[in-house]
Amino acid sequence: MFQFRKTDQVSKKGMKGAEKMSGSEVRRKAKTARMAAKKLAVAEEEKKNEALEAMATALIRHRDRIFSANETDLLQGEKAGLPPALMDRLRLTRKRLEEMGEGLCQLRRMPDPVGEILDSRRREDGLRIEKVRVPLGVIGMIYEARPNVTVDAAGLALKAGNAVVLRGSSSASRTNRALTEALHRALAGTSLPEEAVQLVEDPDRQAVHELITMNGWIDVIIPRGGAGLIRRVVRESTVPVLETGVGNCHIYVDRSAKSAMAEEIVINAKTDRPAVCNAVETLLVHRVWAEKHLPSLCEKLRQQGVQVKGCSRTRALFPQADEAGEEDWETEFLDLVLPFRIVDSLEDAVEHIDRYGSRHSEAIITEDDTAARTFMRGVEAAAVYHNASTRFTDGSQFGFGAEIGISTQKLHARGPMGVTELTSYQYRIHGTGQVR
């Protein structure tokens, strides 16, 4: 487990000596990040790792200020009537803060991706061509609630040699500011520029539009939040977008599934943290399994506080279930709500997922290896599971240290995006005087 320790008093570098630039906050901070990115691109691995350790230590050193800011955000959220899912994402606890610090320490222990030679070949004339990992440059991160993203994004970007411009939601403004101030204090005591982490505090929606159209200053935009935010960024951005997606995730319980295993997986996938994107949102059940085991599973879910909804066939077997309709199959509830649908075959389950899934995480529970292979090959998703909970779709669980988001697209990156997904590559050609 991550252990915080005391470090020496750090100095403040601030913005002294930096060129003062006119214009909006977004433009000023993007330009400042661009200057910092040039330094990070050539930073040695040891220096980046020292910075990550300092950032982790700073989280606990400044925990009182961070928790105070978070408490204010939570109180404001209650007054504003934020839904329970957003309140859960907004809330920081000692455990969650420690996990954020542990994520930074895991990044410290990971190999530096920058400079990795992906391919090398020599032509007949002696010309040597190398394909080498390089940073993306400046990453624009737009996210809702989720103050942990502030730290995860900063750490991942730095490890990959990038600067980051963060724009969180107003619901977490005080928490994000406190976290960023802690990171700045940490970086001020290192050889890396504290300007590598920039937080846009302007609450105006126009700030988002400005950030996603800053071609030449921002190299890639990563939106992380609800469907509305992601659609807006994809629609309006002129900067390339690494699209993360909502999690309308499914579990299909096949006819041969072991009942005890199915119950444990489904309950975990729904109740462990229902407000996160890798929680299950629809359960598909083969009719043969349903006839034997569905009432027991439904009752155990109800005992866990889950509102069970169902198709007509489900309600015939479990009358206490509320009626499920078309809207339920399309919904990412982020809450203790789970609609059931009984299907006649694996093919019916795959067809349902193709129609309603968000290409995030899908799972099959079965003892039939052929059925598992058919499902895993036929389902379109970034992560597909056999006999395991969808809750594992997470950067830390995959061994990435942290994640900057879960990509549901196919180009450049797919699934949990760790440090290597925040790099590009460059061809470096070494010659001895060759001409064409």
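The values are calculated or read from the model by the stated rules, or taken from the named source; none is laboratory data. Please read all numbers here as calculations on a predicted model, not as lab measurements. Neighbour counts are summed over all protein chains in view; Cβ atoms, including those assigned to glycine, are modelled from backbone coordinates with ideal geometry. Side chains included, ligands, DNA and RNA excluded: accessible areas come from the protein's heavy atoms. Shrake-Rupley method; radii C 1.70, N 1.55, O 1.52, S 1.80 Å.
Annotations for the structure displayed:
- Taking the criterion of being out of contact with any helix residue (DSSP H, G or I) (no Cβ under 9 Å at 6 or more places or on another chain), open to solvent by less than 50 Å² (accessible area, probe 1.4 Å) and under 16 Å from Leu156 (Cα atoms), the only residue of segment 28-58 that qualifies is Ala41.
- Condition met for Leu74 (under 25 Å from the mean Cα position of the chain (by Cα) and closer than 21 Å to Pro203 by Cβ): yes
- Residues that are at pLDDT 50 or above and either hydrophobic (A, V, I, L, M, F, W, C) or over 28 Å from the mean Cα position of the chain (by Cα) (or both) were ranked within segment 10-27; the one that is least open to solvent (accessible area, probe 1.4 Å) is Val26.
- Those helices (runs of 4 or more DSSP H) of segment 63-121 in which 3 or more residues are open to solvent by 20 Å² or more (accessible area, probe 1.4 Å) and among the polar types (S, T, N, Q) occupy 63-80.
- Set Ala186, Ala178, Ala172: member being outside any loop (DSSP other than H, G, I, E, B), of a type in the set (A, V, I, L, M, F, W, C), touching a Leu at 6+ places or on another chain (Cβ under 6 Å) and touching a residue at least 40 places away in the same chain (Cβ under 8 Å): Ala172
- Taking segment 351-372 as the range and being of a type in the set (A, V, I, L, M, F, W, C) and either in contact with a Ser or Thr (Cβ under 8 Å, 6 or more places away or on another chain) or open to solvent by 20 Å² or more (accessible area, probe 1.4 Å) (or both) as the test, the residues that pass are Ala363, Ala371, Ala372.
- Selected residue (criterion: modelled with the highest pLDDT) from residues of segment 222-273 that are open to solvent by 10 Å² or more (accessible area, probe 1.4 Å) and in a strand (DSSP E or B): Val241
- Residue pairs whose Cβ atoms lie under 6 Å apart, separated by 6 or more positions or on different chains, with the first residue in segment 106-121 and within 16 Å of Gly399 (Cβ to Cβ) and the second hydroxyl-bearing (Ser, Thr, Tyr), are Pro113/Thr420; Pro113/Thr423.
- Candidate set: segment 380-427, residues that are over 13 Å from the mean Cα position of the chain (by Cα) and assigned to a helix (DSSP H, G or I); chosen: the one surrounded by the most Cβ atoms within 10 Å (Cβ to Cβ): Thr390
- Restricting attention to segment 316-364, the residues that are of a type in the set (D, E, K, R) and either closer than 16 Å to Val280 by Cβ or in contact with an Asp or Glu (Cβ under 8 Å, 6 or more places away or on another chain) (or both) add up to 8.
- Check on Arg377, in contact with a His (Cβ under 9 Å, 6 or more places away or on another chain), open to solvent by 50 Å² or more (accessible area, probe 1.4 Å) and not in a loop (DSSP other than H, G, I, E, B): no
- Scanning segment 274-299 for residues that are farther than 24 Å from Asp368 by Cα and surrounded by fewer than 16 Cβ atoms within 10 Å (Cβ to Cβ) turns up just one, Glu299.
- Residue satisfying all of: in segment 122-155; more than 30 Å from Thr175 (Cα to Cα) and assigned to a strand (DSSP E or B); most open to solvent (accessible area, probe 1.4 Å) among these: Arg122
- Selection of segment 23-80 for residues being acidic (Asp, Glu) and within 15 Å of Leu192 (Cβ to Cβ) yields Glu44, Glu45, Glu46, Glu50, Glu53.
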